[in-house]
Amino acid sequence: MTEALTRDAFLDGRVQAWQPRAGYRAATDPVFLAAAVPARAGQSVLELGCGVGVASLCLSARVPGLRLTGVELQPAYAALARRNAAENGAELDVVEADLSALPPTLRARSFDHVIANPPYFAAHDPGAQDKGRDRALREATPLAAWVDTALRRCRDGGHVTLIHLTERLPDIVGALNGRAAVTVLPLAARRKRAARRVIVQARKGGRSPFVLLPPLVIHQGDQHMGDGDFFTGDVRALMRDAAALDMAAMARG
């Protein structure tokens, strides 16, 4: 089993996570997602589709004392999430379930924060060869159902935070319309490049106007400069130093 896995470092080694060598592999998206969650010690967090647990573990590394719950459909990934939590000294309760049919114990709970990195690819897009990767990346449950489940499990005044492709932003905002105050942060790979991903943060029950923040530029320079990540200063602080991405402060200017 171990030879089919790699153990990868996140947050400059603060988090070490086992993940499939050939399956779905967490990269920067769960780190961005975790950085954007405005959680405080003692609060509860639910991650929908937690995979091997990287987003929850990165959030735990930045904000100790959280009560973390993850939902994961694929048993092998759920098992790795539990293993990763144990090895990182984090208390993450992983529930194997379909988010569209959560067990009664979860449906009876509400959380201060709900986070998710929903599948990027539509059902009709070409599939990945690895079945686990394909299932993690292909949208079987509609995106609107992800948003609806997140809102239902979030307490009034709590936050739902998602990361997704920019092209799906209209679908996400439409599903949130009238139910939350929404702030969007575009993520651009480089200066003068269109943003391909967005972080969407919604305060349940809020009535504030929609906020579109200036793009966060990830890499230095106008083009790839060779080996190395070449993160901009702000992004390096997120990726290496476990800094927070305070979208509320950005909105205030």
Among the numbered criteria (1) surrounded by fewer than 18 Cβ atoms within 10 Å (Cβ to Cβ); (2) in contact with a Leu (Cβ under 7 Å, 6 or more places away or on another chain), which one does PRO64 miss?
(2)
Run LEU11 past the list (1) touching a strand residue (DSSP E or B) at 6+ places or on another chain (Cβ under 9 Å); (2) of a type in the set (A, V, I, L, M); (3) within 25 Å of ASP246 (Cβ to Cβ) and report the number of the one that doesn't hold.
(1)
Counted residues, segment 138-152 - those being out of contact with any helix residue (DSSP H, G or I) (no Cβ under 7 Å at 6 or more places or on another chain), farther than 21 Å from ARG196 by Cβ and either of a type in the set (D, E, K, R) or buried (at least 24 other Cβ atoms within 10 Å of the Cβ) (or both)
2
With respect to LEU212, determine if the residue is touching a residue at least 40 places away in the same chain (Cβ under 8 Å) and either over 20 Å from VAL37 (Cβ atoms) or of a type outside the set (Asp, Glu) (or both).
no
Criterion: aliphatic (A, V, I, L, M), within 26 Å of ARG197 (Cα to Cα) and touching a Phe, Trp or Tyr at 6+ places or on another chain (Cβ under 9 Å) - qualifying residue of LEU11, LEU57
LEU57
May I ask you to list pairs of residues, at least six apart or on different chains, whose Cβ atoms are under 7 Å apart, with the first in segment 15-32 being more than 22 Å from LEU162 (Cβ to Cβ) and the second being among the charged types (D, E, K, R) and at pLDDT 95 or above?
GLN16/ARG7; GLN16/GLU87; TRP18/ARG7; TRP18/ARG83
The one condition ARG25 fails out of (1) over 25 Å from PRO186 (Cβ atoms); (2) at pLDDT below 95 is (1)
Subset of segment 16-73, residues in contact with a helix residue (DSSP H, G or I) (Cβ under 9 Å, 6 or more places away or on another chain), among the charged types (D, E, K, R) and over 26 Å from SER100 (Cβ atoms), comes to ARG21, ARG62
Which ranges mark the strands (runs of 3 or more DSSP E) fully within segment 89-186 that have 2 or more residues being at pLDDT 95 or above and of a type in the set (D, E, K, R)?
92-96, 154-165
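The values are calculated or read from the model by the stated rules, or taken from the named source; none is laboratory data. Predicted model, so just to flag it, every value in this text is computed and none were measured. So basically every Cβ, Gly included, is an ideal-geometry build from the backbone, and we count neighbours across all protein chains shown.
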